[in-house]
Amino acid sequence: MQKKIMIMPSLLAGDFGNLEASARKAEACGADALHMDIMDAHFVPNLSMGPDVVRMARRCLGIPLNVHLMMTHPHLYVRAFIEAGASTLLIHVEAQCDIRATLRQIRDLGAAPGLAINPETPVSALFPWLDEIGEALFMTVHPGFGGQEFMGEVVPSIAGLCRRLAGPGGARFQALDIAVDGGINLRTVEAAAAAGANAFVAGNALYTARDMARDAALMRSGAAAAFGRDVFPAA
């Protein structure tokens, strides 16, 4: 099944001196959503942005806000970020919280719940929660900082989730978006898409592009052409 290919520029790579202008650039380039990394300086060694930045983006954009909580205790902040305007709210499977209860809280408050997974965590850690989420986000860098190189060793995990969805009992999860975040550019997007990912977070590759709209379109077409070829080979 060919899923919708989604391109989500990461505001972390924008101009922190003018985040509103950077957020508007994402929408203007044809993005499907704006990705926003929320870092607590505990789960990851960096501190980024809070609900007020999400609120700003919600005020000035018409596209969805894909908000990623890189936080040790995300359950304490779910309401604040949803009230600020998050469309999708992702927590980490490695977080210190009741995962199922937090995902259900996100849904009950009106946002779409998602679950992110770090590079070293086995893909099987996602399996117990597939009935609760609309998006699974694979980190293809160690979370906390932008500008890192794509970790190709995560690609088999992406394919592993796709095979799980294609296996017995997986049909009810076919609408799950599989996202990738970290080192995504015009080259690496194809490797991730070939493994079955359909949503791509790109920071530096888009925000430093000479023509952001052109590169977003090229990223989309490259992903669409490669989608699933390594995990769902033609009969």
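The values are calculated or read from the model by the stated rules, or taken from the named source; none is laboratory data. Since the structure is predicted, the reported quantities are computational estimates derived from the model, not experimental observations. Cβ placement follows ideal geometry from the backbone for every residue including glycine, while neighbour counts extend to all protein chains displayed. Only protein heavy atoms, including side chains, enter the accessible area calculation; ligands, DNA and RNA are left aside. Shrake-Rupley method; radii C 1.70, N 1.55, O 1.52, S 1.80 Å.
The table for this structure:
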read-out	value
Tally of residues being within 25 Å of MET219 (Cα to Cα) and out of contact with any helix residue (DSSP H, G or I) (no Cβ under 8 Å at 6 or more places or on another chain) across the stretch 165-181	4
Residue that is nearest to HIS35 (Cα to Cα) [pool: residues in the stretch 102-114 that are open to solvent by 50 Å² or more (accessible area, probe 1.4 Å) and part of a helix (DSSP H, G or I)]	ARG107
Restricting the stretch 60-99 to residues that are without any contact (Cβ under 8 Å) to a residue 60 or more places away in the chain and in a strand (DSSP E or B), the residue that is nearest to VAL123 (Cα to Cα)	HIS92
Within the stretch 173-192, considering residues that are part of a helix (DSSP H, G or I) and in contact (Cβ under 8 Å) with a residue 40 or more places away in the chain, the one surrounded by the most Cβ atoms within 10 Å (Cβ to Cβ)	ALA192
Out of ILE91, ILE117, ILE82, sole residue that is open to solvent by 10 Å² or more (accessible area, probe 1.4 Å), modelled with pLDDT of 95 or more and not acidic (Asp, Glu)	ILE82
Inter-residue pairs, beta-carbon under 8 Å, first under 18 Å from ASP15 (Cα atoms) and in the stretch 33-59, second surrounded by fewer than 18 Cβ atoms within 10 Å (Cβ to Cβ) and among the polar types (S, T, N, Q), 6+ apart	ALA33/SER87; MET39/ASN46
Cβ-Cβ under 9 Å pairs, at least 6 apart or on other chains, the stretch 141-165 side closer than 19 Å to HIS68 by Cα and buried (at least 17 other Cβ atoms within 10 Å of the Cβ), far side at pLDDT below 90 and of a type in the set (Gly, Ala, Ser)	VAL141/GLY147
Counted residues, the stretch 193-230 - those being touching a residue at least 40 places away in the same chain (Cβ under 8 Å), assigned to a loop (DSSP other than H, G, I, E, B) and surrounded by 20 or more Cβ atoms within 10 Å (Cβ to Cβ)	6
Residues of the stretch 3-24 satisfying the condition of being in a loop (DSSP other than H, G, I, E, B) and either open to solvent by 30 Å² or more (accessible area, probe 1.4 Å) or out of contact with any helix residue (DSSP H, G or I) (no Cβ under 9 Å at 6 or more places or on another chain) (or both)	LYS3, LYS4, ASP15, PHE16, GLY17, ASN18
Test result for GLU27, more than 20 Å from ALA205 (Cβ to Cβ), among the acidic types (Asp, Glu) and open to solvent by 40 Å² or more (accessible area, probe 1.4 Å)	no
